[in-house]
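Where a number appears in this text, it was derived from the coordinates with a stated rule and is not lab data. Just so you know, these numbers come straight off a predicted model, no measurement behind them. Here the Cβ is made from the backbone with ideal geometry for all residues, glycine too, and neighbour counts use every protein chain on show.
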Amino acid sequence: MSTGTLIVGASQAGAQLAASLREAGDTAPIALVGHEAHLPYQRPPLSKGYLLGKTDATGLALRSAAYYAERGIEVLTGERVVELAVDRAATARGRTLVFDRLALTVGARVRRLAVPGAELHGVHHLRVVADSDRLRAALPFARRVVVVGGGFVGLEAAAAAGTFGAEVTVVEAADRLLGRAVSPLTSEFYLRAHRRRGVRVLLGSAVTAIAGTGGEVSGVVLADGTELPADLVLVGVGVVPRTELAEQLGLLCSGGIVVDPDARTSIPTVVAAGDCTVQPGPAGPIRIESVQNAVSQGKIAAATLAGCPRPAVEVPWFWSDQGDLKLQIAGISAGHDQTVLRGDPESERFAVLYYRAGALVAVDAVNSPADYLVGRKALAQGLTVPADQAGAADRPLKELLVAAP
Amino acid sequence: MPKVVFMLSNGTETGVDARIGDSVMTTATQHGLDGVVAECGGNLSCATCHVWVRDDFLDAVGPPGEMEDDMMDLATSDRRDGSRLSCQITVSEDLDGLTVEIPPEQP
Ligand SMILES: Cc1cc2nc3c(=O)[nH]c(=O)nc-3n(C[C@H](O)[C@H](O)[C@H](O)COP(=O)(O)OP(=O)(O)OC[C@H]3O[C@@H](n4cnc5c(N)ncnc54)[C@H](O)[C@@H]3O)c2cc1C
Ligand code: FES
C-alpha cells in the first residue's frame, strides 16, 4: 500500500501541489507540512492591502480548513522538517512521517544585512504575516522610515509607509531601481514616480551599518559616511532559497534546488516547486519568485508525481502594486536585446515591450492592463507585435498582433 | 451573514455564508469552489475569477470598472452581459442572495 506523498512547505506552491494531486485523481494520503502556524496564505498582500489594513488574516488564506479536510489533505502547521530521507522525515517536534513520494516546496527566507546593527529593534523584514503585523503596528508611529533595497517588496512598502505620513527614504546599492526585473526605462519611470510622490530615493548607495541607541534603531549609515536618521528601517534586499533539506538528500543545488521542466530534481522521484527552485530559462537557469510560478510549477510537479502528462506551459506573469501604480509583467525579459516604449511614462500609463532576435519575449505594463493582456496572449499563442509598430500607442496593441515569423 | 449562491457548471448550486467586505472571489475560494481559480488573489491580473452574475442582480452589482472591463475583454473566453471578475464584487448586506454562475473554463 502506498504511504502517500509528503509535501514539505505549506504555502503557495505546496498548497497547489496538494490540490492538483487530488484533481488528478490521486487518492493516496497527502501530508502538507508547514513551519508556519497558519494554513497556506498569500504573501503579496503583506506589502500591499494587508499592510494598509484593507484585508485581514482570514482574507489572506488561500483555502479554508474545510477545503483540505474534504479532500483528505492533512495540513500539519507549526511543524518544521529537520531531517529528511527519500522515504521518511522527522520534524523538530519529534514527529516521524513516512511516505513514498516527496515534494519540496520550501520557498525562500529573507536575506539579512550582514552589517553591524542589523539586529537592532526597529529593523524590519517582510516575508511572513507576523512581519507585516509588526510593520503595520509600527508604521503609524514612525516619522522617518528608511527602506534598504529598491526591489518590489521595498518599493511597495515604501509606498505604503508614505500613506501613514512618514518621511520615506529608499536606499538602493545598484544604479537603478528594480534592476533585476525590468528594463532601465521602467526603472527610470519608478524612480521619477516615487520621487514625485515625495519618496527620497538614493541610488548607488551601499549600507555599511545600522546605527542605534539603547538597542533601538536611530539611523542608517552609508558607505560615504552619511547617516540617514531613521526610527524604522525595512530591509528588503531579496531572499535566499532554502536548500538545506535538499542538500541533506544530496539533490543538486545551484542558487536553488535544480529542477527540470517536469519539476523533477536530480533524484527523479523527488519533485520541487516554487521560490526554492532553479529551472531552465530562455537565457540559462533562472529562479523565479512569483505566485504564478509557484502555482504553475506546483501543478507540473503534481502531474509528474501522479504520472499524468505535463500541463501546458504557462506564460510567466507577475504584478506589483506600488500605491496607485499597477505594474503587470508578462513573459521573461532576461536575454532581451531590444526594447520598445509604448505611450508616455510621464502620463503614468505606458508599456515596455521586450524583444529577443526580433521576437516578442515580455511586456511590462504600468496602469495598462490591456497591453499586459495582449502581451500575455501573444506569448501564449505564438504571436508577436512587429517592433517597428509596437510604439504606436494610438493603436490598440491587439490590432498590431501578427503571427510570429 | 449575506448568502452568495454559486451555480456550478455541472448544474449544482451551492449557497455559502459570506463575510461582509470579502469579495465574491474570496468567498468562493475559501469554500473550495473549484471553478474560481483566482490565481492573482484579487489583484486584477489574472481574470481566472470570472463569473456570470444572474440578471436579477446585475443592477445591484453594478458595471465593471475600466481595468476590469479591459481584462475581461481580452482574457475571458465567453464574455456575457453578466460577466464580472468576482474579485471586484464586494459582499454587502444588499447583495444577500446574490447568485452567480461559474463558467466551465477560466479565464
Ligand atoms: C511581501 C511580499 C510581496 C510579494 N508580492 C508578490 C506579487 O505581488 N506578485 C507575485 O507574483 N509574487 C509576490 N511575492 C512572491 C510570492 O509570494 C512568492 O513567490 C510565493 O510565496 C512563493 O511560494 P512558495 O510556496 O514557493 O514559497 P514560500 O511562500 O516561501 O513558502 C515556503 C513555505 O515552506 C515552509 N518551510 C520551509 N522549510 C520548511 C521545513 N523544513 N519544514 C516545514 N516547512 C518549511 C516555510 O515556512 C514557508 O511557509 C511576494 C512576496 C512577498 C514576501
Ligand atoms: S483574482 Fe485575479 S483578476 Fe480576480
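Some notes on this structure:
- Shape category assigned to the range A:160-244 from the gyration tensor of Cα positions, a/c cut at 1.5: oblate
- Counting DSSP beta bridges with both ends in the range A:5-141, the antiparallel % (nearest 5): 35
- Computed E for B:Glu105/A:Arg95 - FRET, C-beta separation, R0 41 angstrom, nearest 0.05: 0.50
- The convex hull drawn around the Cα atoms of the range A:319-380, when projected onto a plane and averaged over every direction, covers 4.1 nm².
- Three-way shape label, chain A, alpha-carbon gyration tensor, a/c 1.5: oblate
- Fully extending the segment from A:Val82 to A:Asp394 would add 106.6 nm, taking 0.36 nm per residue of separation and subtracting the current Cα-Cα distance.
- Across the range B:51-61, rounded Karplus estimates of 3J(HN,Hα) from the backbone phi angles (6.51 cos²θ - 1.76 cosθ + 1.60, θ = phi - 60°) give 9, 9, 6, 5, 2, 5, 10, 4, 5, 5, 6 Hz, Gly and Pro being marked x.
- Net lengthening on full extension, A:Ala283/A:Ala65 (0.36 nm per residue, minus Cα-Cα): 74.4 nm
- Cα-based Rg and Dmax for the range A:200-284, where Dmax is the largest Cα-Cα distance (Å): 19.8, 53
- Whole-number percent relative contact order across chain B, with pairs defined as alpha carbons under 8 Å at least 6 apart: 43
- Other protein chain Cβ atoms within 10 Å, averaged over every residue that makes up B:24-35: 3
- Residue with peak Gaussian network fluctuation, chain A [Cα springs, cutoff 10 Å], from A:Ala118, A:Ala365, A:Ala357: A:Ala357
- Global geometry of the range B:3-101, whether rounded, prolate or oblate, following the gyration tensor of its Cα atoms and the 1.5 cut on a/c: rounded
- Here A:Gln248 and A:Asp337 are evaluated by their C-beta separation; at R0 = 41 Å the FRET efficiency comes out at 0.50.
- Around the amide H of A:Val201, modelled in the peptide plane, lie the amide H atoms of A:Val170, all under 5 Å away and 5 or more residues distant in sequence or on another chain.
- Inverse mean reciprocal Cα-Cα distance (Kirkwood Rh) of the range A:2-113, Å: 14.8
- Between A:Ser347 and A:Glu216, the FRET efficiency from the beta-carbon distance, with R0 = 60 Å, is close to 0.90.
- Summing Lys and Arg as +1 and Asp and Glu as -1 over all other residues whose Cβ lies under 12 Å from the Cβ of B:Leu74 gives a net charge of -1.
- Modelled spin-label separation between B:Arg19 and A:Ala57, with each label point placed 7 Å from Cα along the Cα-to-Cβ direction: 1.1 nm.
- Neighbour net charge for A:Gln279 - beta-carbon separation under 11 angstrom, K R +1, D E -1: 0
- Packing around the peptides B:77-86, A:374-383, A:279-288, taken as the average count of other Cβ atoms within 10 Å per residue, puts them in this order, highest first: A:374-383, B:77-86, A:279-288.
- Pairs of Lys residues in chain A are counted when their Cα atoms are under 24 angstrom apart and they lie 8 or more places apart or on different chains; the count is 6.
- Given their separation in residues at 0.36 nm each and the Cα-Cα distance between them, A:Arg196 and A:Arg111 gain 27.7 nm when the chain is fully extended.
- Annotation: the antiparallel percentage among DSSP beta bridges lying fully within the protein assembly as shown is about 60.
- Inter-label distance for A:Ala359 and B:Asn10, nm, one decimal - labels placed 7 Å from Cα along Cα-to-Cβ: 4.0
- Pairwise centroid distance, computed over Cα atoms, of the range A:84-106 with the range A:218-270, Å: 22
- Derived scalar couplings ³J(HN,Hα) [the range A:174-180; Karplus, 6.51 cos²θ - 1.76 cosθ + 1.60; whole Hz; x for Gly, Pro]: 7, 8, 8, 7, 6, x, 6
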